[in-house]
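Written out below as structure tokens is the structure these notes cover.
The values are calculated or read from the model by the stated rules, or taken from the named source; none is laboratory data. It should be emphasised that the depicted structure is a prediction, and the values quoted were computed from it without experimental measurement. Here the Cβ positions follow ideal geometry from the backbone for every residue, glycine too, while neighbour counts run over all protein chains shown.
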Number of protein chains: 2
Amino acid sequence: MTPFVSDISSTGVHSPTPSGITQLESYRSLFFPTVLVGDHKLGGISSTISSYESLLLRGYIVDSVVLFHDEFYRNWEYLTPYFAERNVPVTSFDPPPLQTANDDENFILTEKYYTAIVPKSESGPIFDVLHHLDDCHASRMRDLESMPRRTLDSIWWPFVQHGLVENENDVTVIDSAYSDFFSVYDPLHGTSHQQSCLGRQFDGSASWWTQAIGHSHPSLSLAAARAAGRYGHVIFPQATHLPALRLAERLLRDGPGKGWASRAYFSDDGSTGMEIALKMALRAFSVRKGNTLDSVTKKTLGVLGLKGSYHGDTIGAMDACEDGVFTCEWHSAKGYWFDPPTVSIRKGRVVITVPPAIAAETLPAMSTINAESLSWVYDIPCRLNTPLADVYRGYIQRTLESLQKHCGHKLAALVVEPLVMGAGGMIFVDPLFQRAMIDVVRGPRSPKHTPPDWSGLPVIFDEVFVGLYRLGLQSSAPLLGVNPDISVYAKILTGGLVPLAVTLASDAIYKSFLSKDKKDALLHGHSYSAHPVGCEVANATLDIVEKLASSGLWMDAQRKWTHCNTKHTVWSFWDPDFVNALSRMEGVAEVMTLGTVLAFKVKDETGGRCTCLYRFFIFISEFSYLKDMDQCQLRPSSHP
Amino acid sequence: MTPFVSDISSTGVHSPTPSGITQLESYRSLFFPTVLVGDHKLGGISSTISSYESLLLRGYIVDSVVLFHDEFYRNWEYLTPYFAERNVPVTSFDPPPLQTANDDENFILTEKYYTAIVPKSESGPIFDVLHHLDDCHASRMRDLESMPRRTLDSIWWPFVQHGLVENENDVTVIDSAYSDFFSVYDPLHGTSHQQSCLGRQFDGSASWWTQAIGHSHPSLSLAAARAAGRYGHVIFPQATHLPALRLAERLLRDGPGKGWASRAYFSDDGSTGMEIALKMALRAFSVRKGNTLDSVTKKTLGVLGLKGSYHGDTIGAMDACEDGVFTCEWHSAKGYWFDPPTVSIRKGRVVITVPPAIAAETLPAMSTINAESLSWVYDIPCRLNTPLADVYRGYIQRTLESLQKHCGHKLAALVVEPLVMGAGGMIFVDPLFQRAMIDVVRGPRSPKHTPPDWSGLPVIFDEVFVGLYRLGLQSSAPLLGVNPDISVYAKILTGGLVPLAVTLASDAIYKSFLSKDKKDALLHGHSYSAHPVGCEVANATLDIVEKLASSGLWMDAQRKWTHCNTKHTVWSFWDPDFVNALSRMEGVAEVMTLGTVLAFKVKDETGGRCTCLYRFFIFISEFSYLKDMDQCQLRPSSHP
């Protein structure tokens, strides 16, 4: 163990390093256990405690505080019980002798001093500290070694079949995380006494797509601390506080709600955000239908969507998706889901794959269509007048007419994950098809990009996965050329620190709930609605991300993907040459990328024949990651 | 404006005050805007930044940093851009003259120095700072004044009929919060220039019952910061980290899961925690029934509960409750809910009110039963053999037999909020009735307090409101004398800082999902499942609450409620004499209290006759609150 010694008596934990950032930030990725050298002088109580707090804010584990035994200020007297409450022992040592004019005398005094504090007997306060550090280390090792078994004995993981995960080796023990990487316990890595048992693991799923500016970003820790210190949490209905108000205003004015949304409704996660969105849409539809809907119909209103959709795991969010892998006792799918055309890159060529039912309507019939570039695929204005657009619209129109006669559920909303269906298997939907769905559902009024009112069916964009720059775009609405009536954001919203979701709604939707009767209100809330910590962290995240989005780092990446013949362009953090080369590899069936997402399907060769395809997804979890992407490309994801 | 000057060049922000706590903690309740006096000496960069971070951790707003212009260390050179990035201007002043041996000379030099830095022209750096402070103040005032209108224009509140809240005066502007109080903007309070426009408001609903140790508790801010700095958030399935593991282990071993639960399943709020609980119970039931349940029956399995139940606002949690005020388009109540007997204190007497259907079965028929004391009502072992217990069991048994023939839903789980139904209107249920429900549902095997397997129906305790000492009890299970098979906790779990929920389950329930097939797993998760910040804050909360629970403060309160003739006792933070006196007041219909909760119904006299009852609930949001309860009793709740 090499403890990191934070010496605040001279320059301190936050003293600048040659790179310009302070010591604490500079050493953070190494995550050493720490000995804090306290200050014995006037003001030393305060600077020792503040230094301790700055260390904690960066996640450092402070094992021990040491300082000189100054008989005048007696700082150790206050600090010992103060730190004992925090389980950190304080040890004070005699100060070194005062310097004299005589060099020989200085030498003798210093020698005597060191002999006294480090005696041959190997006993005394300095050895107590060393033994304590050994104990701390041993205790940490015991924790690391025992965590897999203890976890298997007490935790019930989400989405995990515990019957398939019974081995301790199957448990990833995360000791800390920084930037794009976990620091994980790896017993094989530490077989020799000298070697560290902690290894670096690339967070290939961006921790379920939540990370945006890297793990343990100090600005987010400080934002969380600031709001915790000012408010804790405060009740929200009929109340307001700056973090929530500022977040709402920026999301509506300069964020994904720009130009269409008038209201922000806060909740805790994508699933609750979608439940709120669905309640908004279904009520807006019911109100418009007046008294024509009976109570049974209201309970079974349906949604229109795409096969492969996923909107979360609470029953309401599940009911907006097909029965499939994600199902359970109370799940009752309510609606109709189209099989979508998809986009991918195969052997360097961008292709649109059209499902058989739609392909049968194209003339000549075809199931894959070659596209000139990715940017062309996403250039909706250019594609709106193509024959394929007519085929899409015709197919959707006829299907809806047939559904009106035969579907058990009266359709009341259109619900889409724009551009990519994440949990469904990173399905990149042909954006023209989603645009066609919206146009058909909205009817002749749809071309207006800023509808003053919803028409046909209310349109929900579930942008929990795709929104806030996961795909390089703040929102997919400008690219699709149409605004939703309701949209939902979570995950990246808080930069990957704490849960928070927001549902944005147009004024027309909001007004469906307005009356003088409390019963008509949207009676949905969670205890921690708009919690200040989440809102403050979200504001800090958006500050950073918005700065990055106009930075040279991003523009360099965008430039590589720009085609001179298209105005509307999509881009990826992944180099186009790399993506092209990957798509041409023998075992790779297809590749797709947008923004931080790289998805590819690998052929599974059995008996010489390709029997099935495995999907892999890799994310960049830090938006400023391009700077050292070269060294990390294609490290395996920690979670498939 | 009176800025708080944090002078770190002498003793610092964390220097101890006479009370023993440090300056920062001591002044926090006053929440002054702050000028940080930085350190110009060696190590001053670090101590200035650390002091700033300690200030932020307590929520202080740092408007300005000032320090001496030391030409040797030049700390201002580094600190100016550092703080500019954080929107805090740094101003440096010439240092005072060095002291000489000549007093007259000292006087002249000092006079000259002060004249130079505070010139008659009223210009120069110190005036720049003052103007900046004025600007900050003006900007804060503009925010406070504009927040009501801006909030009404952008926020969609949970549970609020915006059609009834159109006036700016209806918006509570929360500027900060500390301990049991909000600091709220009150324009009437600040009509004169001298008066502050911020008033103190008692958080009478404990911010939707989330608060446990007071707002902005520094231990929780530090816990949040510590986990944010060490992990940020990290993906949870098949992974583990210490904050989550430690929390799971303590909840299972020493917490509400003690003696019966084997697994902890993390989610984001009470509603998602209950969805998980319901999915667990319904699956366990389905698995036990083997192939006898068809897919339609599985979608419509029912729960048994009590009228007035509330389990959250996601559709699954709603479907476990009756149709009522909380309803919406997709809500389809699945189950049967008994009208419960209730407990209250009227005119100083404890009474049990039995609903007509049950009262008709008592001999002689009666609708209110006098009880000797609150403790007797909650002494279940003593009451199990009373005639009333027989009446309850008989009534429940016959109702269930009738339901088996006539109910549209096959009952698959018993779901109760033990002791109190909070959102339903603070209904204190006769605990004997809940015990009888469990006993009847479980059948002859039920008396075992630690069932090795569930029998009859799986039993869910929704302890989101009542659990973790809200009622003075860690869990209601020991009081009811039976353990659940599944239970849910949230709200107090994180001491009222960030959202986090946990669902505990017995091993028998867990094993219903075990197989070698992923499809059989509980496929429910949220991106921030078991987020380290929430888990670390929860651990810090439980540390503090557990210490308080055995403190003299609590024991004093408990002693007041102890009756010598009962072993099992319930108690309240509210003084029994006060509760007794309140119950005897003219306008008060009834009162009830347990732990931190005080609920009373006030008669609404119209034309001399009592026409309806209004309910009021007051909570103590800080568990250590008894110390100064006298000055705050019965301040109005900020949210009815």
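Of the strands (runs of 3 or more DSSP E) lying entirely inside segment A:2-104, the ones with 1 or more residues being closer than 30 Å to B:R74 by Cα are found at A:4-7, A:34-37, A:62-68.
Of the numbered criteria (1) under 39 Å from the mean Cα position of the chain (by Cα); (2) within 14 Å of chain B (Cβ to nearest Cβ), the one A:Y78 fails is (1).
Looking at segment A:356-365, is at least one residue away from every other protein chain (no Cβ under 14 Å) and hydroxyl-bearing (S, T, Y)? If you could, list the steps in order and put the result at the bottom.
First pass over segment A:356-365, keeping only residues away from every other protein chain (no Cβ under 14 Å): A:356-365.
Of the ones still in play, those that are also hydroxyl-bearing (S, T, Y) are A:362.
Yes, there is a match, as at least one residue in segment A:356-365 is away from every other protein chain (no Cβ under 14 Å) and hydroxyl-bearing (S, T, Y).
Every test in (1) surrounded by 21 or more Cβ atoms within 10 Å (Cβ to Cβ); (2) in contact (Cβ under 8 Å) with a residue 40 or more places away in the chain; (3) more than 25 Å from B:G456 (Cβ to Cβ) is passed by B:P340 save one, and that test is (3).
Yes/no matrix, rows are residues, columns are (1) closer than 22 Å to B:G302 by Cα; (2) of a type in the set (G, A, S); (3) not assigned by TED's automatic domain parsing to the domain that holds B:A281:
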position	(1), (2), (3)
B:E401	yes, no, no
B:H409	yes, no, no
B:G456	yes, yes, no
B:S476	no, yes, no
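Here B:L282 fits the description: closer than 29 Å to B:D313 by Cα, facing another protein chain (nearest Cβ under 7 Å) and touching a residue at least 60 places away in the same chain (Cβ under 8 Å).
Considering A:D153, A:D180, A:D143, A:D170, the condition of being acidic (D, E), crowded, with 17+ Cβ neighbours inside 10 Å and not assigned by TED's automatic domain parsing to the domain that holds A:L30 is satisfied by A:D180 alone. For segment A:223-243, taking the residues that are facing chain B (nearest Cβ under 7 Å) and part of a helix (DSSP H, G or I), the one that is farthest from B:S221 (Cα to Cα) is identified as A:L242.
Does any residue of segment A:87-103 turn out to be within 12 Å of chain B (Cβ to nearest Cβ) and free of Cβ contacts under 8 Å to residues at least 40 places away in the same chain? Yes: segment A:87-103 contains one or more residues that are within 12 Å of chain B (Cβ to nearest Cβ) and free of Cβ contacts under 8 Å to residues at least 40 places away in the same chain. As a summary of the residue check, B:V184 satisfies the conditions (1) more than 7 Å from every other protein chain (Cβ to nearest Cβ); (2) part of a helix (DSSP H, G or I) except for the one numbered (2).
Can you find, within segment B:11-57, the residue that is nearest to A:S54 (Cα to Cα) among those that are more than 9 Å from chain A (Cβ to nearest Cβ) and among the aromatic types (F, W, Y)? Going through the qualifying residues, I end up with B:Y27. With more than 7 Å from chain B (Cβ to nearest Cβ), more than 21 Å from the chain's Cα centre (by Cα) and not β-branched (V, I, T) as the only criterion, which of A:G255, A:G312, A:G305, A:G273 stands out? Of the residues listed, the single one that is more than 7 Å from chain B (Cβ to nearest Cβ), more than 21 Å from the chain's Cα centre (by Cα) and not β-branched (V, I, T) is A:G305. If I go through segment B:344-396 residue by residue, how many of them are surrounded by 14 or more Cβ atoms within 10 Å (Cβ to Cβ) and in a helix (DSSP H, G or I)? So the count comes out to 18.
Among the residues of segment A:438-450, is there at least one that is on the phi > 0 side of the Ramachandran plot and not basic (K, R)?
Looking through segment A:438-450, at least one residue is on the phi > 0 side of the Ramachandran plot and not basic (K, R).
In summary, A:A521 fulfils each of the numbered conditions (1) out of contact with any helix residue (DSSP H, G or I) (no Cβ under 8 Å at 6 or more places or on another chain); (2) without any contact (Cβ under 8 Å) to a residue 60 or more places away in the chain with the single exception of condition (1).
Going through (1) more than 8 Å from every other protein chain (Cβ to nearest Cβ); (2) assigned to a helix (DSSP H, G or I); (3) touching a strand residue (DSSP E or B) at 6+ places or on another chain (Cβ under 9 Å); (4) among the β-branched types (V, I, T) one by one, A:I108 falls short only on (3).
For A:A333, the requirement of being in a helix (DSSP H, G or I), in contact with an Asp or Glu (Cβ under 7 Å, 6 or more places away or on another chain) and either within 14 Å of chain B (Cβ to nearest Cβ) or closer than 30 Å to A:W561 by Cβ (or both) is not met.
Can you find, within segment A:224-253, the residue that is surrounded by the fewest Cβ atoms within 10 Å (Cβ to Cβ) among those that are among the charged types (D, E, K, R) and without any contact (Cβ under 8 Å) to a residue 40 or more places away in the chain? Full working, then the answer.
Step one: filter segment A:224-253 for residues among the charged types (D, E, K, R), giving A:226, A:230, A:246, A:249-250, A:253.
Those left that are additionally without any contact (Cβ under 8 Å) to a residue 40 or more places away in the chain: A:249, A:253.
Working: A:E249: 18, A:R253: 12.
By that ranking, first place goes to A:R253.
Taken as a whole, the condition of being of a type outside the set (K, R), assigned to a helix (DSSP H, G or I), in contact (Cβ under 8 Å) with a residue 40 or more places away in the chain and at negative phi does not apply to B:L414. Can you name every residue in segment A:512-533 that is in a helix (DSSP H, G or I), surrounded by 24 or more Cβ atoms within 10 Å (Cβ to Cβ) and at the interface with chain B (Cβ under 7 Å from one of its Cβ atoms)? Selection gives A:V533 alone. Evaluate segment A:552-568: report whether one residue or more is surrounded by 14 or more Cβ atoms within 10 Å (Cβ to Cβ), at pLDDT 90 or above, closer than 30 Å to A:R346 by Cα and of a type in the set (F, W, Y). Within segment A:552-568, not a single residue is surrounded by 14 or more Cβ atoms within 10 Å (Cβ to Cβ), at pLDDT 90 or above, closer than 30 Å to A:R346 by Cα and of a type in the set (F, W, Y). Just one of the numbered conditions (1) of a type outside the set (V, I, T); (2) more than 13 Å from chain B (Cβ to nearest Cβ); (3) part of a helix (DSSP H, G or I) is not true of A:G199: (3). For A:V118, indicate whether it is more than 7 Å from chain B (Cβ to nearest Cβ) and β-branched (V, I, T). Against the criterion (more than 7 Å from chain B (Cβ to nearest Cβ) and β-branched (V, I, T)), A:V118 qualifies.
Conditions (1) in contact with a Leu (Cβ under 8 Å, 6 or more places away or on another chain); (2) touching a residue at least 24 places away in the same chain (Cβ under 8 Å); (3) of a type outside the set (S, T, Y), marked per residue:
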position	(1), (2), (3)
A:S19	no, no, no
A:L30	no, yes, yes
A:V65	yes, yes, yes
A:E77	no, no, yes
A:P81	no, no, yes
A:E85	no, no, yes
A:N106	no, no, yes
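Scanning segment A:13-62 for residues that are in contact with a His (Cβ under 7 Å, 6 or more places away or on another chain) and hydrophobic (A, V, I, L, M, F, W, C) gives A:L24, A:I45, A:I49. For segment A:159-181, the set of residues classified as touching a residue at least 24 places away in the same chain (Cβ under 8 Å) and at the interface with another protein chain (Cβ under 7 Å from one of its Cβ atoms) consists of A:V171, A:T172, A:V173, A:S176, A:A177, listed by residue number.
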